[in-house]
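Trainee: Just dropping this structure here.
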Amino acid sequence: MHVVVIGAGILGASAAYHLTVAGHRVSLLEQNDKPAAGVTGKGFGWINLVHVDPKDQANFRLRENAMEDFQRLRAELPTAFVGARDGALIWKSTETSTINVANSLLAAGVPLAIVDRKTFVRLEPHLVKYPPVAIHAADDLALEPAFLTEKLVEAAVSRGATLVCKAAVQRLRMSGDRLVGVELDCGFISADSGVLAAGSQSEEWVYPLGVSVGVTVSPALLLRYKAPTVKLSRILDGPQLEVRPSPDCTLTVAEDWPSDGNTETVARQSQAAIAEIFDTAGQVEWLSTWIGQRPTFPDGLPRYGPVAGIEGCHVAVGHPGIILGPLLGRKIAEGIAA
């Protein structure tokens, strides 16, 4: 079967990889000049279970399965995880709130430990400010989303997939209610099946057919800093800062979108927080601010599987796409094979 996958972000790359593993012929289309050039490249890259409420059973179980799929993919494709860091340390504004969060997650079966200040210092000895207690999530992963995506694409191509960049999709071509291919600005690609994995843009191609995916966007900030003297081994998530070490020795910080839209203020506040926690006054350089338009749905769940009303068309869209990537890619491949 020939499957056209539209969008070479993490979900499209994962779908392409898993489809080729299943023996399908795949054409992976990307409107930019390289994979992961959209919202995926602006993702924080924290693979975790601590940022989902266990009371939200649907989301929590999906995230649990996603964590398992990441471990499977890591064993299956180890080159995609070069430079990844293991573990995260999380704490709240008070000792009581930290312990309450930890106990809620432990009761749900999340593998983590409550650690004291002495253990925190042993795990991250280069800070100058430490909380009295913290949550140590040793199974969490910190990785570069663009690197993982590129490796998934490389693995798919090595198995026979075709990557077409700068591919401007004009519309889906139909025969009755069935998808038969994709029209580009430079030609036509026939297909037995298709996967829409281009985030909120996926809506553009189904809407003219009287169908809606229902996706909206939610902006978030990704900030990069250069701090040559900072030594960090894992993700830190405290009241003032959510920071990840990167293989290029920069620091990546995730922030919510400010209500007033003033991203520079947020960037300066994060810069100051890094300097304070690591005592690096005057040595933290703000490099860049990226705005990621995360595709979201009101219930917080992704959409994956067949598109109602379009035979042969599947969708893989949703947040957190980085965490869900390996799981949804596998699910899409299994659904198309069924």
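Trainee: Semi-axes, largest first, in whole Å: what does sqrt of 5 times each Cα gyration tensor eigenvalue give for the range 218-259? Before the final figure, lay out each step's value.
Mentor: Working: eigenvalues 81, 25, 13 Å².
Ellipsoid semi-axes (Å, largest first): 20, 11, 8.
Trainee: Can you grab the distance from the C-alpha centre of the range 194-259 to the C-alpha centre of the range 164-193, Å, no decimals?
Mentor: When both Cα centres are located, 29 Å separates them.
Trainee: About the Cα centre, and with charges only on the beta carbon of Lys, Arg (+1) and Asp, Glu (-1), how big is the dipole of the range 153-226? Nearest 20 debye, please. Present the calculation step by step, with values, prior to reporting the outcome.
Mentor: Values: 7 positive and 7 negative charges, 67 e Å.
Around 320 debye, computed over the range 153-226.
Trainee: Output the 0 to 90 degree angle, nearest 10, between the alpha-carbon long axis of helix 95-107 and the longest principal axis computed from the alpha carbons of the chain.
Mentor: 40
Trainee: Tell me the per residue accessible area of the range 1-160 using a 1.4 Å probe; a whole number in Å² is fine.
Mentor: On the way: 6620 Å² over 160 residues.
I get 41 Å² per residue for this part.
Trainee: Report the one residue of Ala156, Ala191, Ala138 whose Cα lies farthest in the direction of the positive end of the charge dipole of the range 114-217 (charges on C-beta: Lys and Arg +1, Asp and Glu -1; origin at the Cα centre).
Mentor: Ala138
Trainee: Taking one equal scatterer on every alpha-carbon of the range 154-292, how large is log10 of I(q)/I(0) by Debye at q = 0.16 1/Å?
Mentor: Results for the range 154-292 at q = 0.16 Å⁻¹ read -0.88.
Trainee: For all pairs of alpha-carbon atoms in the chain, what percent lies in each bin of width 20 Å, listed from the first bin to the last filled one?
Mentor: Cα pair-distance distribution for the chain, in percent: 31, 54, 15, 0.
Trainee: Looking at the chain, what % of its DSSP beta bridges pair antiparallel, to the nearest 5?
Mentor: Details: 48 of 68 bridges.
Bridges in the chain are about 70 percent antiparallel.
Trainee: Tell me which of Leu221, Asn59, Ala80 sits at the most positive position along the dipole axis of the chain, charges placed on C-beta atoms (Lys, Arg +1; Asp, Glu -1).
Mentor: Positive-end residue among those listed: Ala80.
Trainee: Here's another thing I want to ask about it. Compare Tyr207, Tyr225 by solvent-accessible area with a 1.4 Å probe and give them largest first, with all protein chains kept in place.
Mentor: Numbers: Tyr207 160, Tyr225 0 Å².
From most exposed to least exposed: Tyr207, Tyr225.
Trainee: A further question follows. Going by alpha carbons, how many degrees (0 to 90, nearest 10) lie between the helix axis of 263-278 and the longest principal axis of the chain?
Mentor: The answer is roughly 50 degrees.
Trainee: Something else: Name the shape class, rounded, prolate or oblate, that the alpha-carbon gyration tensor gives for the range 248-338, where a ≥ b ≥ c are the square roots of its eigenvalues, rounded holds for a/c under 1.5, and otherwise prolate holds if a/b is larger than b/c and oblate otherwise. Intermediate results must be reported in sequence, preceding the final value.
Mentor: Working: a/c = 4.24, a/b = 2.53, b/c = 1.68.
Prolate.
Trainee: Can you work out the FRET efficiency for the pair Lys55 and Ser158, with r the C-beta to C-beta distance and R0 = 41 Å, to the nearest 0.05? Before the final figure, lay out the partial values.
Mentor: Details: r = 43 Å, r/R0 = 1.04.
Computed FRET efficiency for Lys55 and Ser158 comes out at 0.45.
Trainee: Using amide H atoms built in the peptide plane, which far-off residues or other-chain residues are under 5 Å from Val5 H to H?
Mentor: For Val5, whose amide H was placed from the backbone, the distant partners under 5 Å are Ser27, Leu28, Leu29, Val195.
Trainee: Then there is this: Taking K and R as +1 and D and E as -1, what net charge do the other residues with C-beta under 14 Å from the C-beta of Pro258 add up to? Let's see the in-between values first.
Mentor: Numbers: positive: Arg268; negative: Glu255, Asp256, Asp260, Glu264.
That works out to -3.
Trainee: Round to the nearest 10 and report in Å² the accessible area of Asp139, as given by a 1.4 Å probe over the protein chains' heavy atoms.
Mentor: 80
Trainee: Under the rule of at least 5 residues apart or a separate chain, name every residue whose amide H is placed under 5 Å from the amide H of Ile310.
Mentor: Amide H neighbours of Ile310, under 5 Å, 5+ apart: none.
Trainee: Still on this structure, I have one more. Loop only per DSSP, at most 14 neighbouring Cβ atoms within 10 Å: give me the trypsin sites (Lys or Arg not before Pro) in the range 95-141, ordered by residue number. List each step's numbers first, then the result.
Mentor: Details: sites: Arg117, Lys118, Arg122, Lys129; in loops: Lys129.
Sparse-neighbourhood loop trypsin sites (Lys or Arg not before Pro): Lys129.
Trainee: Here's another thing I want to ask about it. Between the helical axis of 57-76 and the dominant principal axis of the chain, each derived from Cα atoms, what acute angle in degrees is found, rounded to the nearest 10?
Mentor: Compared with the principal axis, the helix lies near 80 degrees.
Trainee: What is the sum of charges, Lys and Arg at +1 and Asp and Glu at -1, for the other residues whose Cβ falls under 12 Å from the Cβ of Arg117?
Mentor: Working: positive: Lys118, Arg122, Lys129; negative: Glu95, Asp116, Glu124.
That works out to 0.
Trainee: Two decimals is fine: what's Rg over Rh for the range 48-131, C-alpha atoms, Kirkwood radius as Rh? Can you show the working numbers first?
Mentor: Numbers: Rg = 15.1 Å, Rh = 14.8 Å.
Dividing the radius of gyration by the Kirkwood radius yields 1.02.
The values are calculated or read from the model by the stated rules, or taken from the named source; none is laboratory data. From a predicted model like this one, the values you see are computed outputs, not experimental measurements. Neighbour counts are summed over all protein chains in view; Cβ atoms, including those assigned to glycine, are modelled from backbone coordinates with ideal geometry. Heavy atoms of the whole protein, side chains included, go into the accessibility calculation; ligands, DNA and RNA do not. Shrake-Rupley method; radii C 1.70, N 1.55, O 1.52, S 1.80 Å.
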